[in-house]
1. Once amide H atoms are built 1.01 Å from N in the peptide plane, which residues 5 or more positions from Tyr62, or in another chain, come under 5 Å H to H?
2. In what order, largest first, do Lys122, Lys54 sit by accessible area if the probe radius is 1.4 Å?
3. Ranking request for peptides 75-88, 108-121: highest mean number of other beta-carbon atoms within 10 Å first, then the rest in descending order.
4. Considering only C-alpha atoms, what is the centroid distance from the range 1-50 to the range 62-136, in Å?
5. Placing +1 on the Cβ of each Lys and Arg and -1 on the Cβ of each Asp and Glu in the range 1-130, which of Ile84, Cys51, Phe112 has its Cα farthest towards the positive end of the resulting dipole?
6. Could you go through the range 17-31 in sequence order and give the Karplus-derived ³J(HN,Hα) for each residue, using 6.51 cos²θ - 1.76 cosθ + 1.60 with θ = phi - 60°, rounded to whole Hz, and x for Gly and Pro?
7. What are the ³J(HN,Hα) values, in whole Hz, obtained from phi via the Karplus relation 6.51 cos²θ - 1.76 cosθ + 1.60 with θ = phi - 60°, for each residue of the range 87-94 in sequence order, with x given for Gly and Pro?
8. How many Å² of accessible area per residue for the chain, probe 1.4 Å?
Amino acid sequence: MQKVLPKRYELLVISISSPLLLGVYEEDRLIDTISSELKTSEILLPLIKECLDKYDISRIIYTRGPGSYMAIKLTYIMLKTIEIVKGIQCAGCSGFALNGGEPIKAVGNLYFIKEKETIITKKFEQAINVKFTLPQSIQDLELDEESTPEYILPAV
């Protein structure tokens with residue numbers, strides 16, 4: 001008799017911009033999406049709980065930066081708590097991997113941009129509206145060795 005392996009579910013959280021996006025992946029393929037315009041502090045934990053109740057999540061991946069510092073901090077604290085309490089691995093990826101490498105809003109008219117392997121800030125006179133998207137597959141999503149937040153503070 002052949003043993004049936006349980007399905008592997010992973011959760012991808014993009015909390016560094018609005019809208020907040022969550023994607024549930026089954027065997028690396030996107031099967032469910034959740035989007036919210038509410039603040040990370042208000043809605044992220046209830047949305048994660050909803051996903052954990054519905055799916056047997058084995059790993060949660062989040063955008064560890066650059067982007068909204070408050071959202072990054074809150075997301076990391078929530079996910080590390082879940083990792084400690086429930087044993088669900090927390091992993092991080094770059095925000096640039098989920099927006100096509102486009103500039104990411106920093107503060108005012110400053111944006112984070114990636115030049116080769118270096119992230120710097122650059123001033124843009126016109127606002128840049130960049131959309132983050134949940135990939136259809138996370139098989140090739142490059143995960144960072146670190147899961148801790150990536151804070152890049154722009155010069156003031």
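1. So Tyr62 has HN proximity to Val13, Ala91, Gly92, Cys93.
2. Sorted descending by solvent-accessible area, the residues read Lys54, Lys122.
3. Values: 75-88: 15.6, 108-121: 13.6.
Ranking the peptides 75-88, 108-121 by packing returns 75-88, 108-121.
4. 16 Å
5. Toward the positive end, the furthest listed residue is Ile84.
6. 8, 10, x, 5, 10, 10, x, 9, 10, 10, 6, 6, 9, 5, 10
7. In residue order, the calculated couplings are x, 8, 4, 10, 10, x, 9, 7 Hz.
8. Numbers: 9310 Å² over 156 residues.
That works out to 60 Å² for each residue.
The values are calculated or read from the model by the stated rules, or taken from the named source; none is laboratory data. The structure displayed is predicted, hence computed values, not measured ones. A quick note on method: Cβ atoms are made from the backbone with ideal geometry, for glycine too, and the neighbour counts reach across all protein chains shown. The protein model used for the area step is the full one, side chains on, heavy atoms only, and it has no ligands, DNA or RNA in it. Shrake-Rupley method; radii C 1.70, N 1.55, O 1.52, S 1.80 Å.
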